[in-house]
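This report refers to the structure that appears directly beneath it.
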Amino acid sequence: MAAENVDLFVIGAGSGGVRAARVAASYGARVMIAEEFRVGGTCVIRGCVPKKLLVYASRFAEEFEDAAGFGWTVPAPTFHWPSLTANVAREVARLEAAYTNTLERFNVSPVKSRAVIEDAHTVRLLATGESVRAETILIATGAWPHYGPKIPGLEHVISSNEAFHLSALPKRIVIQGGGYIAVEFAGIFAGLGSEVTLVYRGENILRGFDDDVREHLRNEMRSRGITVTCGHTVAAVEKFGDELVTHLSDRSTIAADQVMFAIGRRPNVMGLGLDKVRCIIAEHGGVAVDEYSRSSVPSIYAVGDVTHRVNLTPVAIREGHAFADTVYGGKPTPVDHSNVPTAVFSQPEVGVIGLTERQARERLARLDVYKTSFRPMKATLSGRDTRSFMKLLVDGDSDRVVGCHIVGPDAAELIQVIGIAVKMGATKADFDATMAVHPTAAEELVTLREKAMSYGRAAAE
Ligand SMILES: Cc1cc2nc3c(=O)[nH]c(=O)nc-3n(C[C@H](O)[C@H](O)[C@H](O)COP(=O)(O)OP(=O)(O)OC[C@H]3O[C@@H](n4cnc5c(N)ncnc54)[C@H](O)[C@@H]3O)c2cc1C
């Protein structure tokens, strides 16, 4: 096959790859991008976007219930899963087309093919067998659900990929995992009416998050009828007709209609040809890169989940953009991975930025902790048994806010805005000097006066 020369070949048209391709092309680079599934990648096709739409759908159940306390009489609502999934699929297809159009506007035509690396400057398209020479190759292949050790009956288990396409809403579902995807899907299915059991091997859900957040959310999930079983794993799944029986490590069993695993995602490096070019894979399984996303092979870069740095869409986009600025825009741009705000679209939501209390205690000489748990105003009339939680962690020496943790309605929206203040280095005094907006939940963050705890030298004094 005739070799075609491009400046940049991008493997994977997801969040990071699309941004990098578009920005590189805007700087005048000749760019080719290959996508083996659908343009838009995980976020658009089977991640953030369809998931958030399901989250919205699942919240109506609570809204209908809460309405009664405000004087509304709502006839017994019914829910139709096929309508929801069809509508979500239509929106995903619209976004896929929009992403494709954007690429084409920048003269980047996505090639529908799996691409593999042949050498440091050559990529092969498996759909046609064609080899393409490129001065630079960008790996933006994302990550893939990991199913853990091969247990009996693993073939009956679905991942989040399949959860969007179930033909019927499961009446009962077992979800294994304690990370944000497991927790979010537990909330989605519970809100839509499924009986949900969450099984997690660790001592509590949301490992890596602040301990108070983990505890608070677990209690809220329980009060919404989700069974949270920690300290166990799924040992086997047996199928009897339409029913799946999940055997746990403590020998107990749970009968359900679906079993889903969300126990982690692995960088998509398998079969990419990285061994041929001796590209170094880091211990965590992702492509090892420097602060400019350059791999151990000078002509090969990698961005997004495949590098297993911070596996979030905005981070992949920022890394893709910074790569293009660095290589084609004449602006060497490292990506700052500190203080990345993040959310869990659980019910209620979680929004966090900065250090957890545990991390702050390890790193700071003096730490002041401010926290509050309160009944959201809406719950006073709805009668819902729910509480919100907020916590600020403050460096006792500099007064800087080094962590903010919220569990409650709209926590994701709140943390995006608070993220600006924390990133700018705002102090507790800055928070205190900010006038409250009343009546809101967020006003708690600027009216926290009593220290819940002081650690370090301050505690010893
Ligand atoms: C259920 C779920 C919910 C999520 N929710 C959120 C959220 O709320 N907020 C958030 O910030 N992040 C969320 N994420 C994470 C987010 O989706 C990822 O961090 C983001 O998509 C990473 O972008 P990427 O460009 O690295 O990879 P991807 O978007 O995964 O794109 C990689 C693309 O490469 C393609 N590909 C792989 N190998 C090849 C090959 N050899 N040849 C050609 N094409 C190839 C794949 O088909 C894919 O389209 C979620 C993820 C999941 C699974």
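The values are calculated or read from the model by the stated rules, or taken from the named source; none is laboratory data. Small disclaimer: the values here were computed from a predicted structure and weren't measured. All Cβ positions, even for glycine, are placed from backbone atoms using ideal geometry, and neighbour counts span all protein chains on display. Calculation scope for accessible area: heavy atoms of the full protein, side chains included, ligands and nucleic acids excluded. Shrake-Rupley method; radii C 1.70, N 1.55, O 1.52, S 1.80 Å.
Note on ALA236 and LEU381: their simple-model spin labels are 5.5 nm apart, each label 7 Å out from Cα toward Cβ. Per-atom-type breakdown for the chain gives carbon and sulfur 53% of the accessible area (1.4 Å probe, protein chains only). Computed per residue of the chain from DSSP H runs no shorter than four, each worth -39500 (n - 2.57), the mean residue ellipticity at 222 nm is -9500 deg cm²/dmol. What the Cα atoms of segment 246-294 give is an Rg and a Dmax of 18.3, 49 Å. With the convex hull of the Cα atoms taken as the outline of segment 396-446, the averaged projected area works out to 3.6 nm². Kirkwood's formula applied to the C-alpha pairs of segment 1-103 gives a hydrodynamic radius of 16.6 angstrom. Taking all protein chains into account, the per residue accessible area for segment 130-287 stands at 45 Å² (1.4 Å probe). Among 429-438, 258-267, sorting by the average number of other beta carbon atoms lying within 10 angstrom of each residue, highest first, gives 258-267, 429-438.
The relative contact order of segment 171-220, computed from alpha carbon pairs under 8 Å that lie at least 6 residues apart in sequence, is 38 percent. For the peptides 184-196, 214-226, the ranking by packing is 184-196, 214-226, with the highest mean count of neighbouring Cβ atoms within 10 Å listed first.
What separates the Cα centres of segment 231-306 and segment 76-120 is a distance of 22 Å.
The label-point distance for HIS156 and ASP275, in a model that sets each label 7 Å from Cα toward Cβ, rounds to 3.5 nm. Gyration tensor analysis over the Cα atoms of segment 178-333 returns equivalent ellipsoid semi-axes of 39, 19, 13 Å (largest first, whole Å). Expressed in Å, the radius of gyration and Dmax of the Cα atoms of the chain are 23.9, 76. Here each label is just a point 7 Å from Cα along the line to Cβ, and for GLU215 and TYR147 those points are 3.8 nm apart. Per residue, the average separation of C-alpha pairs within less than 8 Å and at least 6 apart gives the chain a relative contact order of 15 percent.
Return the subset of LYS112/LYS171; LYS331/LYS391; LYS52/LYS239; LYS51/LYS331; LYS150/LYS171; LYS331/LYS428 for which the Cα-Cα distance in this structure is over 28 Å, preserving the input order. Check vs 28 Å cut-off fails for LYS112/LYS171; LYS331/LYS391; LYS52/LYS239; LYS51/LYS331; LYS331/LYS428. Among the trypsin sites (Lys or Arg not before Pro) in segment 396-461, those located in a DSSP loop and surrounded by at most 12 other Cβ atoms within 10 Å of their own Cβ are ARG449.
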